[in-house]
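Here the structure is laid out as structure tokens; the discussion comes afterwards.
The values are calculated or read from the model by the stated rules, or taken from the named source; none is laboratory data. The shown structure was predicted, so the numbers you read here are calculated from the model rather than taken from an experiment. FYI the Cβ positions are ideal-geometry reconstructions off the backbone, even for glycines, and counts take in every protein chain you see.
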Amino acid sequence: RNEHQNIHPENQELVRALRQQLQSEQQDASASDRHRFYTDMSCPVCLQQATFPIETNCGHLFCGSCIIAYWRYGSWLGAIRCPICRQTVTLFLPLFGEDQQDATQVFQDVNDYNRRFSGQPRSIMERIMDLPTLLRHAFREMFSVGGLFWMFRIRIFLCLLGALLYLASPLDFLPEALFGILGFLDDFFVIFLLLIYISIMYREVVTQRLNR
């Protein structure tokens, strides 16, 4: 198994108990009833191909029913910690359509979780760790039909345009001609802040969807 998908030792007992419960509930379920996604990846909780897959803000993929059961089954005082990396999970990102058969309940549970925890304060380190996943989802929705609304797309476009104009401008806080390779540090910093801002905007968009 991919080490990236290994259950964290502190969560193994909870996941083992949950796995037994899920397996007993699914003994009568037909394999043909499972909606298969990411055939090269399996859910680390039930060890089967992900059904109604959900990606956490830390970038790990689970069956929708498995991660929801992990939340409901555990004695959490707030947002859960990822079974794999132990990072606080404040956002569930569904990778399936709401119109799919039997998806309604999973979507309701996802919205319930996100409504409770997506607005939690995040440290700068947590925002950095969330960057790869949130940016991937943001840009995928940006270029998909029916994805992000136009105002958000325009804001991203203006941010990218502003960053490009700054990078192309001869006026730098640290001119490359004087500082050499160190002169690129301010350029990298601007790009980094831009990516952080886009991820924050996308998280806000996901949260706003829940209040419609």
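Summary table
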| read-out | value |
| --- | --- |
| Condition met for residue 92 (touching a residue at least 24 places away in the same chain (Cβ under 8 Å), buried (at least 16 other Cβ atoms within 10 Å of the Cβ), among the hydrophobic types (A, V, I, L, M, F, W, C) and within 22 Å of residue 44 (Cα to Cα)) | yes |
| Residue check, residue 174 surrounded by 14 or more Cβ atoms within 10 Å (Cβ to Cβ), touching a Phe, Trp or Tyr at 6+ places or on another chain (Cβ under 9 Å), outside the structural domain of residue 70 (by TED's automatic domain parsing) and modelled with pLDDT under 85 | yes |
| Residue within the stretch 65-82 that is modelled with pLDDT of 90 or more, surrounded by 19 or more Cβ atoms within 10 Å (Cβ to Cβ) and of a type in the set (Phe, Trp, Tyr) present | yes |
| Subset of the stretch 69-89 (residues that are of a type in the set (S, T, N, Q) and within 22 Å of residue 6 (Cβ to Cβ)) | 87, 88 |
| Residues located in the stretch 116-132, provided they are of a type outside the set (Asp, Glu), assigned to a helix (DSSP H, G or I) and within 15 Å of the chain's Cα centre (by Cα) | 117, 127, 128, 129, 131, 132 |
| Any chance residue 124 is at pLDDT 90 or above and of a type in the set (Val, Ile, Thr) | no |
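Matching residues to (1) touching a residue at least 12 places away in the same chain (Cβ under 8 Å); (2) of a type in the set (S, T, N, Q); (3) not assigned by TED's automatic domain parsing to the domain that holds residue 51:
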{"position": "65", "(1), (2), (3)": "yes, yes, no"}
{"position": "73", "(1), (2), (3)": "yes, no, no"}
{"position": "77", "(1), (2), (3)": "no, no, no"}
{"position": "83", "(1), (2), (3)": "yes, no, no"}
{"position": "97", "(1), (2), (3)": "no, no, no"}
{"position": "100", "(1), (2), (3)": "yes, yes, no"}
{"position": "103", "(1), (2), (3)": "yes, no, no"}
{"position": "107", "(1), (2), (3)": "yes, no, no"}
{"position": "112", "(1), (2), (3)": "no, no, no"}
